[in-house]
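First comes the structure, then the notes that go with it.
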Amino acid sequence: MKLTIIGTGYVGLVTGACFAEMGNTVTCVDIDEKKIAGLKNGILPIYEPGLESIVINNYKNGRLQFCASLADPSAKSSVYFIAVGTPPGEDGSADLRYVLTVAREIGQHINDYTVVVDKSTVPVGTADKVNASIRNELTNRGVKVAYDVVSNPEFLKEGAAVEDFMRPDRVIIGTDSEQVRKVMRDLYLPFMRNHERLIFMGVRDAEMSKYAGNAMLATKISFMNEIANLCERMGVDIENVRQGIGSDSRIGHSFIYPGAGYGGSCFPKDVKALIRMAKDQNFEPMVLNAVEQRNETQKHVLFEKISQRFGAKLKGLTFGLWGLAFKPGTDDMREAPSVVLLEKLMNAGAIVKAYDPVAMPTAKRELPNEWFKTGQLKLVDEQYSALDGTDAMVLVTEWKPFRHPDFSRIKKIMKNAVIFDGRNQYDPTLLREAGFEYSGIGR
């Protein structure tokens, strides 16, 4: 099948590459010509495990193409996926300007029956706006072209996006058209040879499913962080509590790990957008408000622990930071707890030596240049170098190399054997017996 994917971010590039991997002919379109030139030379704009080889191989084999305009002949197809960003506005609502701009451009170029797929995470009712934008352009052209707008939300985890796309738990299709059902079923059939995981529903139902899913996962995280903070005040080890409740099949073990708060491009944005949707309906989303408030507060917990141990003024102290990305498996630092912690440490006068296996280029690009100029923030190229001569180690992101480090070596190279464990990766009893001061989340 010939497909056109508009947008080459996490969603668009993974979607295009994985469809091409299954034998489809795919053109990815992005107005950023520098990004397109990079992709043609095998330079990806994002880090995602397993993605680079798929992109390069399919580009070489001609199944995956890149261009900067829908006017390019290679971009012509009968199925268009809209996979552009929907950044949060000042009021928390999803900004649809890019989605609707793409919709108008599609209306300017289609001449035969077309399926337009909303792959971006968009609020309920967006398909109606996309439909109207395409219809207006067709009217302006004075032509009649049949088309359908379908909602097909993505459920990709950063760090496991390729695996999620190739082996999906479910594929949700929002449409009332039998013709669209056939097209989408044919398209996704190769990804579900064992058993079909397609779920068909109304367009608005599909749009809400994405937000509700992410909000539920965010709720589990915030709930567990709240319980962890309570446990710490009552002398209870949250890790034992986590294992106890996780064994209940109704709860499960996923997303109940306490930590320094959630970040990334999805959970924070989607919770805010859902809150905005609720308020637009004159409905007060009390649970969602609490989820967001707890998460914002949780991002300050590590600094509060540091202040309790060293005082509010940290000038002359050096901290070794392990992890900058918002979670393992990605270079994404959007809404990352590390950024909140770094800002607090910089303002308190501390010096920070930081290391992340993947997100160092992102940090250099996105963190304030002033932090580097003053010498307060130093990015080092090896994890133990980040701890050399430091007053404390702070674990923010639980990358695999950080999970079972050489504590004997760590104790020798640190000035003070103090560990702040923002992801509860280490055994506090063993560390304390080894002479470390240890502070985790809820323990």
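The values are calculated or read from the model by the stated rules, or taken from the named source; none is laboratory data. Since the model is a prediction, treat every value here as computed from it, not as a measurement. All Cβ positions, even for glycine, are placed from backbone atoms using ideal geometry, and neighbour counts span all protein chains on display. Heads up: the accessible areas ignore ligands, DNA and RNA and are worked out on the full protein's heavy atoms, side chains in. Shrake-Rupley method; radii C 1.70, N 1.55, O 1.52, S 1.80 Å.
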Partner lysines whose C-alpha sits under 18 Å from that of LYS40, ignoring same-chain residues fewer than 8 away, are LYS60
Listed residues ILE43, ILE275, PHE326: farthest to the positive end of the dipole of the chain (Cβ charges) | ILE43
Can you list the aspartates and glutamates whose alpha carbon sits under 13 Å from that of LYS119, skipping same-chain ones fewer than 8 residues off?
-> GLU154, GLU207
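Sort the chain into rounded, prolate or oblate with this rule: let a ≥ b ≥ c be the square roots of the eigenvalues of the Cα gyration tensor; rounded if a/c is under 1.5, and if a/c is not under 1.5, prolate when a/b is larger than b/c, oblate otherwise.
prolate
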From most to least accessible, 1.4 Å probe, no ligand or DNA/RNA atoms counted, TYR426, TYR47 line up as TYR47, TYR426
Given springs between every Cα pair under 10 Å in a Gaussian network model of the chain, which of LEU39, LEU345, LEU430 has the largest fluctuation?
-> LEU430
For helix 337-347, what angle does its Cα long axis make with the longest principal axis of the chain, in degrees from 0 to 90 and rounded to 10?
-> 50
To the nearest 10 degrees, how steep is helix 286-298 against the longest Cα principal axis of the chain, on a 0 to 90 scale?
-> 50
Evaluate the charge dipole of segment 1-152 about its Cα centre and quote only its size in Debye, nearest 20, assuming +1 on the Cβ of each Lys and Arg and -1 on the Cβ of each Asp and Glu.
-> 460
What does the highest-first list of 372-384, 163-175, 294-306 look like by mean Cβ count within 10 Å?
-> 294-306, 163-175, 372-384
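Send over the Kirkwood Rh of segment 106-217, from the inverse of the averaged 1/r over different Cα pairs, rounded to one decimal Å.
Averaging 1/r across every pair of different Cα atoms and inverting gives 15.0 Å.
Tell me, what is the percent relative contact order of segment 60-168, built from C-alpha pairs under 8 Å that lie six or more residues apart?
25
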Rounding to the nearest 20 debye, state how big the charge dipole of segment 342-443 is about its Cα centre with +1 on each Lys and Arg Cβ and -1 on each Asp and Glu Cβ.
-> 60
What is the magnitude of the charge dipole of the chain about its Cα centre, with +1 placed on the Cβ of each Lys and Arg, -1 on the Cβ of each Asp and Glu, and no other charges, expressed in debye to the nearest 20?
-> 400
Please sort by residue number the GluC sites (Glu not before Pro) in segment 208-272 whose DSSP state is loop and whose Cβ has at most 11 other Cβ atoms within 10 Å.
-> none
From highest to lowest solvent-accessible area (probe 1.4 Å; ligands, DNA and RNA excluded), LYS182, LYS34 read LYS34, LYS182
Excluding ligands, DNA and RNA, the carbon-plus-sulfur percentage of the accessible area of segment 152-212 with a 1.4 Å probe reads 47
Per residue, accessible area of segment 288-333 with a 1.4 Å probe, heavy atoms of protein chains only, in Å², comes to 39
Asserting the computed 222 nm helical MRE of the chain (DSSP H runs at least 4 long, -39500 (n - 2.57) per run, divided by residue count, to nearest 500) equals -13000 deg cm²/dmol
